[in-house]
Amino acid sequence: MAEMTLKLYGWEARERTMLRRIIPGMIFAFAIGDAGYGFGRVLSRVNMGHVVKIFDVVKSEPLIDFDELVSLRSLLGPVVIDSYGLFDRKNEGDWRIIGHEDGFVPSDLDRVFFKYGVPPRYKVVDINDVPIDYDGDASALPDLMTYRNAHVLKMFSDKRIDEGRASGGR
């Protein structure tokens, strides 16, 4: 197994990241208003954006270290975000790439699928945008659609409330 190292750039280092430079293993932070910052990781790229997972943590500063990162659980995801609008064009919210984990390989994602199209003739793809012959009930799968800043913040907040945690703290 390859040694994994986390390279941290910090919040101020990269205000904007061009779409073509966003790759799996990148760590990002996003502003949550007065509550602080949320964090996530890029898992893969699809035709509509990037598949990410959002971690279950809110911090007052956009700083994270490797030990903390490996212990965080996922709160949201995998979900597809509008990476062009959030990281490249910066047309809403404040999302920034703050680091990259060399040697990162997504795990436990071989059964993650998204659906698109019109029922009952859904098309199904995996997290790498590869079409899948899906035998199950595709209507139960998450939609292949991009989420923007407001959508992610709402899902993040709702999920934390559902699980009994306020917006701030860990």
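Tabulated values for the structure
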read-out	value
Selection count, the range 59-113, where residues are open to solvent by less than 20 Å² (accessible area, probe 1.4 Å), charged (D, E, K, R) and out of contact with any strand residue (DSSP E or B) (no Cβ under 6 Å at 6 or more places or on another chain)	1
Qualifying residue in the range 144-156 (condition: surrounded by fewer than 17 Cβ atoms within 10 Å (Cβ to Cβ) and either among the aromatic types (Phe, Trp, Tyr) or at positive phi (or both))	no
Of all residues making up the range 132-152, the number that are at pLDDT 95 or above and either of a type outside the set (A, V, I, L, M) or in contact with a Cys (Cβ under 7 Å, 6 or more places away or on another chain) (or both)	5
Residue match in the range 138-154 (condition: in contact (Cβ under 8 Å) with a residue 60 or more places away in the chain and hydroxyl-bearing (Ser, Thr, Tyr))	yes
In the range 123-142, the residues that are loosely packed, with under 14 Cβ neighbours inside 10 Å and outside any loop (DSSP other than H, G, I, E, B)	Pro131, Ser139, Ala140
Close pairs from the range 98-118: first at negative phi and without any contact (Cβ under 8 Å) to a residue 40 or more places away in the chain, partner among the basic types (Lys, Arg) and open to solvent by 40 Å² or more (accessible area, probe 1.4 Å), Cβ under 8 Å, at least 6 apart	Lys115/Lys123; Tyr116/Lys123
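The values are calculated or read from the model by the stated rules, or taken from the named source; none is laboratory data. Since this is a predicted model, take the numbers as computed values, not measurements. So basically every Cβ, Gly included, is an ideal-geometry build from the backbone, and we count neighbours across all protein chains shown. Quick note on the areas: whole protein, heavy atoms, side chains included, nothing else; ligands and nucleic acids left out. Shrake-Rupley method; radii C 1.70, N 1.55, O 1.52, S 1.80 Å.
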